[in-house]
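The next block holds one structure in the form of structure tokens; read it before the comments.
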Amino acid sequence: MENVTSYLCGIWAFGKGNARRFNHPLSGEADYQLCSAGLPLVESLAYGRLHGGQALVAMTFLQRGQMLKALAKFLLANKERLYALSARTGASRRDGWVDIEGGIGTLFTYASLAGRELPEDTLWLEDDAIPLSKQGQFVARHLLSSRQGVALHINAFNFPCWGMLEKLAPCWLAGMPAIVKPASTSAPLAQGLVRLITDSGLVPEGALQLICGEVGDLLSHLDYQDVVTFTGSAQTGRQLRAHPGLLAKSIPFSMETDSLNCCILGDDVTPKMAEFSLFIDEVVREMTSKAGQKCTAVRRILVPETQLPAVQQALSEALAAVVVGDPALPGVSMGALASHAQREAVQQQVDRLLSSGCEALCGGSLAQLELSEGSNPAGAFYPPTLLLCRDPLHNEAVHGVEAFGPVATLMSYASREQAISLALMGQGSLVATLVTADPALAAQTVRAVACAHGRLLVLDTAAAAESTGHGSPLPQLVHGGPGRAGGGEELGGLRAVKHYMQRTAVQGSPLMLAAVGGQWLRGAPLHTDHRHPFRKHFEELQPGDGVLTARRTITEADIVNFANLSGDRFYAHTDETAAAQSLFGERVAHGYFVVAAAAGLFVDAGVGPVLANYGLEALRFTHPVKIGDTLQAQLTCLSKRRKAPKTDEPPCGVVAWDVQVFNQHQQHVALYRILTLVAQRVPSA
């Protein structure tokens, strides 16, 4: 029997005490054991803060993102080691793909987000300067800094790889080390993943630790700089959230729990429509994928009364075709549950639903299980189970009891309003799907049920060709939900990174805030020297470097020529009579001509480090420019960020420039930011 060890304070070790033993879900034979008693659990907190924390905090967001990318590549190259361990959980290769490569894909996504959107700094300026005074010398902005603590991730058994990596990616990107407590029933796979990560040498020592077994009194030793995340059952989550140690120190606690997610067939859909087949396929896939052991799985199937017989027949036939057994055998489409204890729990919940008045259309007990030839009957297999509730408006069990396996309950509704009511009776869900071809129905339903769901999928034939499906949380989208779903949030792009950081409002003069944030602010001094800023390489440029340009007077010929060149003959620029009746009272210059004229004032035309214009942001025209007005521009280096190198371009960085265009009365006429690619110095041979 294998000892599944923990990784704490830089050492792999097995505890000293009574170990918990676990059987193989496919054979029922003894497989492995866990014990964390006597291990340095409390000491791991200080170790993580001191070693992993200090190393991560010293890295910029860009460096952390590069670490995630390198790790993702390493794990992808070694994924077969994880697939071999995944098979021990009873999962099929397809189930393992979602867990393993889905988790690795999340690392890639967060690495990309860091490279595109986060600063080359350890501090994240969340917003632009907020003016607090008339003269502009008292301003504020919100900044995000790394917490000086450890994130304790308590994960569920169903996705030991994805569940770990989707938390580690934003956690590490925020500069925070982690201690992972995987579920015992899939601990060997979680341990295998941690071994790969530590063996890679790509992550600082102390940034990742692992507890296989019980956490003891670890929660009592957490501090206010620490964070706890939990994924699992609502009952366990509530107990953890109420821990006195967490409450006493106001320790952030994010909870994502299983929910009674629904899939709704729109009343516009008939069996002859393509959307009907989409609905059946989506429900069957969600019931059987990972043997129904997904927090996002469909548990409640809502269909119009008129379509109940057709849906019942189609689902029953599709589920009857599901082959249950050892995923290693040919033709098997659904594997075992994670453990025999899990199977017993599923049966108990199914029995509760049956005793509440539900009927079993297929499955419902082990007596209904048909195993593929060659599968071991001692395994933790359970049949796909479709229940029918004839009175869903008054049966509380179908909206409150979840069988965490291949089980869902079919129910009908008489009107759109009733469908909405049934969806809301789930008391908060991670995700719901509406299958419809009617945009009006989609609008009505989404507006009514969004308040109770973390994610909504509206599925029609157009979306189906590329849809990732009901049960696939994507790293770009929020994963979580209100009420029964736990009330927490994960993923959602960079939103998840902010969960592990401290938001602070900082007030002061533009000069002081520019120094704190490493970004120039309007109102702070302009640094000028004999060299035009476009003459400086990326390394030489500093925020605040800039130029105040010469002046240019706008003529009628400028406006006429720009209209002819661009084809923009809007009346306010070209029709003197109409312009006189406009809000300007006379003809004015094109806004885009003002931008072009400003570029003519501040651009240094010679060959130099500036390689290309990379974009324009936050453009505002704040005052009209009339014939005879004289313009002047100020170009200032706002911030800079090194760009991930590509083989087809020289080493360079993205520089953001603040542009202010004034008229002769020192009034702003245009404000915006431009981005340029600026070359780095190439070291001489």
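The values are calculated or read from the model by the stated rules, or taken from the named source; none is laboratory data. Note that this is a predicted model, so its numbers are computed, not measured. Neighbour counts are summed over all protein chains in view; Cβ atoms, including those assigned to glycine, are modelled from backbone coordinates with ideal geometry.
Values computed for the structure shown
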item	result
One residue from 101, 120, 126 being under 30 Å from residue 676 (Cα atoms) and out of contact with any Lys or Arg (no Cβ under 6 Å at 6 or more places or on another chain)	126
Residue in region 95-102 that is more than 19 Å from residue 185 (Cα to Cα) and not charged (D, E, K, R) present	yes
Among the candidates 188, 160, 170, residue that is assigned to a helix (DSSP H, G or I), farther than 20 Å from residue 70 by Cα and either touching a Cys at 6+ places or on another chain (Cβ under 7 Å) or touching a residue at least 60 places away in the same chain (Cβ under 8 Å) (or both)	188
Flag for residue 274 being out of contact with any helix residue (DSSP H, G or I) (no Cβ under 6 Å at 6 or more places or on another chain), among the hydrophobic types (A, V, I, L, M, F, W, C) and surrounded by fewer than 18 Cβ atoms within 10 Å (Cβ to Cβ)	no
Of residues in region 489-526 being in contact with a helix residue (DSSP H, G or I) (Cβ under 9 Å, 6 or more places away or on another chain) and in a strand (DSSP E or B), the one surrounded by the fewest Cβ atoms within 10 Å (Cβ to Cβ)	507
Verdict on residue 191 being over 21 Å from the mean Cα position of the chain (by Cα) and crowded, with 23+ Cβ neighbours inside 10 Å	yes
Matching entry among 579, 644 (being among the small types (Gly, Ala, Ser), part of a helix (DSSP H, G or I), more than 30 Å from residue 530 (Cα to Cα) and at pLDDT below 90)	579
Meets criteria (more than 23 Å from residue 662 (Cβ to Cβ) and surrounded by 15 or more Cβ atoms within 10 Å (Cβ to Cβ)) for residue 614	yes
Selection within region 589-617 - more than 24 Å from residue 650 (Cα to Cα), out of contact with any Asp or Glu (no Cβ under 8 Å at 6 or more places or on another chain) and among the small types (Gly, Ala, Ser)	591, 596, 598, 599, 600
Number of positions in region 361-380 that are closer than 22 Å to residue 315 by Cα and touching a Leu at 6+ places or on another chain (Cβ under 6 Å)	3
Qualifying positions in region 399-411 - more than 26 Å from residue 340 (Cβ to Cβ) and either surrounded by 24 or more Cβ atoms within 10 Å (Cβ to Cβ) or touching a Cys at 6+ places or on another chain (Cβ under 7 Å) (or both)	410, 411
Residue in region 166-187 that is among the hydrophobic types (A, V, I, L, M, F, W, C) and more than 23 Å from the chain's Cα centre (by Cα) present	yes
Region 173-184, residues that are in contact (Cβ under 8 Å) with a residue 60 or more places away in the chain, surrounded by 24 or more Cβ atoms within 10 Å (Cβ to Cβ) and of a type outside the set (A, V, I, L, M)	175, 177
Residues within region 258-271 that are surrounded by fewer than 22 Cβ atoms within 10 Å (Cβ to Cβ) and not charged (D, E, K, R), tallied	2
Residue 371 vs. criteria closer than 18 Å to residue 308 by Cβ and either assigned by TED's automatic domain parsing to the domain that holds residue 278 or aromatic (Phe, Trp, Tyr) (or both)	no
Count - residues of region 72-110 that are more than 18 Å from the chain's Cα centre (by Cα) and assigned to a helix (DSSP H, G or I)	19
Residue list for region 356-395, filter: over 28 Å from residue 327 (Cβ atoms) and touching a residue at least 12 places away in the same chain (Cβ under 8 Å)	356, 357, 358, 359, 388, 389, 390, 391, 392, 393, 395
Strands (runs of 3 or more DSSP E) contained in region 245-345 and holding at least 1 residues within 18 Å of residue 441 (Cβ to Cβ)	261-265, 298-304
Search result, residues across region 647-668 that are part of a strand (DSSP E or B) and surrounded by fewer than 18 Cβ atoms within 10 Å (Cβ to Cβ)	668
Looking only at region 173-185, and only at residues there that are in contact with a helix residue (DSSP H, G or I) (Cβ under 6 Å, 6 or more places away or on another chain) and assigned to a loop (DSSP other than H, G, I, E, B), the one that is nearest to residue 223 (Cα to Cα)	177
Filter pass, residue 255 being surrounded by fewer than 24 Cβ atoms within 10 Å (Cβ to Cβ) and touching a strand residue (DSSP E or B) at 6+ places or on another chain (Cβ under 9 Å)	yes
Scope region 307-322; condition within 14 Å of residue 370 (Cα to Cα) and surrounded by fewer than 17 Cβ atoms within 10 Å (Cβ to Cβ); matching residues	320, 321
Residue pairs meeting the criteria (Cβ under 7 Å; at least 6 apart or on separate chains; first over 17 Å from residue 557 (Cβ atoms) and in the same structural domain as residue 627 (by TED's automatic domain parsing), in region 567-581; second surrounded by fewer than 14 Cβ atoms within 10 Å (Cβ to Cβ) and among the hydroxyl-bearing types (Ser, Thr, Tyr))	578/571
Odd one out for residue 390, checked against (1) surrounded by fewer than 16 Cβ atoms within 10 Å (Cβ to Cβ); (2) of a type in the set (Lys, Arg); (3) under 29 Å from residue 335 (Cα atoms)	(3)
Verdict on residue 297 being surrounded by 24 or more Cβ atoms within 10 Å (Cβ to Cβ) and on the phi < 0 side of the Ramachandran plot	yes
Filter pass, residue 32 being buried (at least 19 other Cβ atoms within 10 Å of the Cβ) and more than 24 Å from residue 145 (Cβ to Cβ)	yes
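One line per residue, one yes/no per condition, for (1) touching a strand residue (DSSP E or B) at 6+ places or on another chain (Cβ under 6 Å); (2) touching a residue at least 60 places away in the same chain (Cβ under 8 Å); (3) surrounded by fewer than 17 Cβ atoms within 10 Å (Cβ to Cβ):
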residue: 4; (1), (2), (3): yes, yes, no
residue: 20; (1), (2), (3): yes, yes, yes
residue: 45; (1), (2), (3): no, yes, no
residue: 53; (1), (2), (3): no, yes, no
residue: 66; (1), (2), (3): no, yes, no
residue: 72; (1), (2), (3): no, no, no
residue: 88; (1), (2), (3): no, yes, no
residue: 96; (1), (2), (3): no, no, no
residue: 106; (1), (2), (3): no, yes, no
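Every residue, every condition in (1) touching a Gly at 6+ places or on another chain (Cβ under 9 Å); (2) more than 27 Å from residue 679 (Cβ to Cβ), yes or no:
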{"position": "498", "(1), (2)": "no, yes"}
{"position": "502", "(1), (2)": "no, yes"}
{"position": "532", "(1), (2)": "yes, no"}
{"position": "535", "(1), (2)": "yes, no"}
{"position": "552", "(1), (2)": "yes, yes"}
{"position": "564", "(1), (2)": "no, yes"}
{"position": "567", "(1), (2)": "no, yes"}
